[in-house]
Amino acid sequence: MLDKFEFKGKKDGLGLLVLAAVHGNETAGVNACHRVIQEFQSGRLKLTQGSLTLVPICNPEAYKKDVRCIDENLNRVIVPHPHPQTYEQGLANEICELIQSHRLTLDLHSTHCIGDVPFAFCDYPDEYNQKLISALDVDFVLEGWPEIYSQDTTIQDCSTEQYAHVCSNTATTLECGYHKEPKAIEISYRAILSTLAAFEMIDAPHPEAKKKTHIKLKSYVLKTKEGKLCKNYKHLDPIKKGEQIAIYDDGEVLVAPEDGFILLPNLNASINTEWYYLGE
Ligand SMILES: [Zn+2]
C-alpha cells in the first residue's frame, strides 16, 4: 500500500489529491509534500473545507533506487489493471482509485536538465484546472499532449490527467524544474499552497493570476537506436526549420521540420522512449 496522508476540513468541499514521485527520481514534489504534511500536523496550516490527500511517493521502489521507474513508465499505465503484469501496473491500481475519488488531482513532476523552466500541462481544460493553473507560479502551459499520442495507436497515453478525465474528474501535471534544484521544491510547495488557497481550502488570500504563454505540442520523437542530441538542448529552447537536432550513430540526422520549440529533451533517453518533443 502507498503511504497516504489525509486531512479533512470542518465543512464539506473539494476533494484534492496531490501526487509526487510518480517517477521515482523526481523528488522535489516529495519534499514539498512532506513540508505541507508537517505544517498540517503541527497546526500551522488548517484545512477549512474539503479534503486533502497527499501521496508523497507514488513509486516507492523507483524512489528508493533514484530511478524513473522499475519496469515501465508509471505515467503511461494509469488505468486499472485487473491482472497487473508489472510493478508499476500494481501501483497504477491504487493510484486510479485515488484519482477516481478526488475531484481534482495535482501531479507534481520535475525534469531532467539543470536550469529547466517550470511549466504546467493542460491536457483537458476545464474550470478546475484553469483555476488551478492560473494560481500557479509558472510562465508556460503546454497543451495538446493527448492529440500527439492519439496519432500513434502503439503508444497509449494512460497518464494521471487522462485517467482523471475518463472519471469525469480533473488532473493537472506540474513540472517544477530540474529535480535536484532546491527551487523546484519551493515551486512544488507553493503550488500546493496556491491550489489550496485558490479553492478556499485554507485561510489565505487568493493567489494572484499570472499571465502564461501557451505552447501547443505538435509531435514527439522516439529514440529508435543509439545516437545523441546535437547540443545540450534545454526545455523550451527555440529551434529553426532545418536545424539538426539529433544524430544517430549510423549517421542518420534528425532535423526540425519547422520553426518552433524543443520540449522535454531527454539527453539520456533509452532506446524506444521519447527523446524530445516539438511544439509551437
Ligand atoms: Zn515525471
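Only counting other Cβ atoms within 10 Å, I'd like V138, V117, V255, V18 sorted with the fewest neighbours first.
Values: V138 19, V117 16, V255 13, V18 26.
Placing the least packed residue first, the sequence is V255, V117, V138, V18.
Given R₀ = 22 Å, FRET efficiency for T213-E127 by Cβ-Cβ distance, to 0.05? Walk me through the numbers before you get to the answer.
On the way: r = 21 Å, r/R0 = 0.96.
The value I calculate is 0.55.
Below 8 Å between Cα atoms, with a sequence gap of 6+, how large is the relative contact order for the chain in percent? Spell out each step's value before the answer.
On the way: 659 pairs, mean separation 50.7, N = 280.
Worked out over the chain, it gives 18 percent.
Which lysines have a Cα less than 22 Å from the Cα of K240, not counting those fewer than 8 places away in the same chain?
Partners within reach: K216, K218, K223, K228, K231.
How big is the Rg/Rh ratio for region 219-279, C-alpha atoms only, Rh by Kirkwood, two decimals?
On the way: Rg = 10.4 Å, Rh = 11.3 Å.
Reported Rg/Rh (Cα atoms, Kirkwood Rh): 0.92.
How far apart, in nanometres, would the label points at Q38 and E252 be if each is projected 7 angstrom from Cα along the Cα-to-Cβ direction?
In this crude label model, Q38 to E252 measures out at 4.9 nm.
I want the local charge near G24. Using Cβ-Cβ distances under 13 Å, sum +1 for each Lys or Arg and -1 for each Asp or Glu among the other residues. Let's see the in-between values first.
On the way: positive: K64, K65, R68; negative: E26, E61, D66, D71, E72, E88.
My count for the surroundings of G24 gives -3.
If each residue of separation counts as 0.36 nm, what is the full-extension length gain between S101 and D137 once their alpha-carbon separation is subtracted? Don't jump to the answer; show the numbers that get you there.
On the way: separation 36, 0.36 × 36 = 12.96 nm, distance 2.68 nm.
This chain segment gains 10.3 nm when fully extended.
Enter the angle in degrees (range 0 to 90, nearest 10) between the Cα long axis of helix 182-198 and the first principal axis of the Cα atoms of the chain, meaning the one along which they spread out most.
Helix 182-198 sits roughly 50 degrees off the main axis of the chain.
Along each of the three principal axes of the Cα atoms of region 1-73, give the extent in whole Å, ordering the values from largest to smallest.
41, 21, 18
What's the Kirkwood radius of the chain in Å, using all Cα pairs? Before the final figure, lay out each step's value.
Details: mean 1/r = 0.0520 Å⁻¹.
Roughly 19.2 Å, rounded to one decimal.
Tell me, in nm to one decimal, what length is gained between D12 and C167 on full extension, where the rule is 0.36 nm per residue of separation less the Cα-Cα distance? Can you show the working numbers first?
Values: separation 155, 0.36 × 155 = 55.80 nm, distance 2.06 nm.
Stretched out fully, the D12 to C167 stretch lengthens by 53.7 nm.
If neighbour count is taken as other Cβ atoms inside 10 Å, put D237, D12 in order from fewest to most.
Details: D237 14, D12 10.
Ranked by crowding around the Cβ, least crowded first: D12, D237.
Quick one: length gained pulling K225 to D259 fully straight, 0.36 nm per residue minus the C-alpha distance? The partial results should precede the final answer.
Working: separation 34, 0.36 × 34 = 12.24 nm, distance 2.52 nm.
Fully extending the segment from K225 to D259 adds 9.7 nm.
Just from the alpha-carbon atoms, what are the Rg and Dmax of region 139-242 in angstroms?
Rg and Dmax of region 139-242, Cα atoms, are 17.3, 53 Å.
Checking the cross-link filter: which aspartates and glutamates have an alpha carbon closer than 15 Å to that of K11, excluding same-chain neighbours under 8 positions apart?
E200, D203
For a quick check: sort I271, I37 by the number of other beta carbons within 10 angstrom, fewest at the front. Provide the component values of the computation, followed by the final result.
Numbers: I271 11, I37 18.
The order, fewest Cβ neighbours first, is I271, I37.
Mind putting a number on the dipole of the chain about its Cα centre? Charges go on the C-beta only, +1 for Lys and Arg and -1 for Asp and Glu, and I need it in Debye to the nearest 20.
Numbers: 28 positive and 40 negative charges, 160 e Å.
I would put it at about 760 debye.
Going by average Cβ density within 10 Å per residue, which order do the peptides 67-73, 106-112 take, highest to lowest?
Taking the mean over residues of other Cβ atoms within 10 Å, the ranking is 106-112, 67-73.
Please determine, in degrees from 0 to 90 and to the nearest 10, the orientation of helix 28-42 with respect to the longest principal axis defined by the Cα atoms of the chain, where the helix direction is its Cα long axis.
Rounded to the nearest ten degrees, it is 0.
Read-outs throughout are calculated quantities, based only on the coordinates presented, and are distinct from any laboratory measurement. The structure displayed is predicted, hence computed values, not measured ones. Cβ: placed from backbone, ideal geometry, glycine included. Neighbour counts: every protein chain shown.
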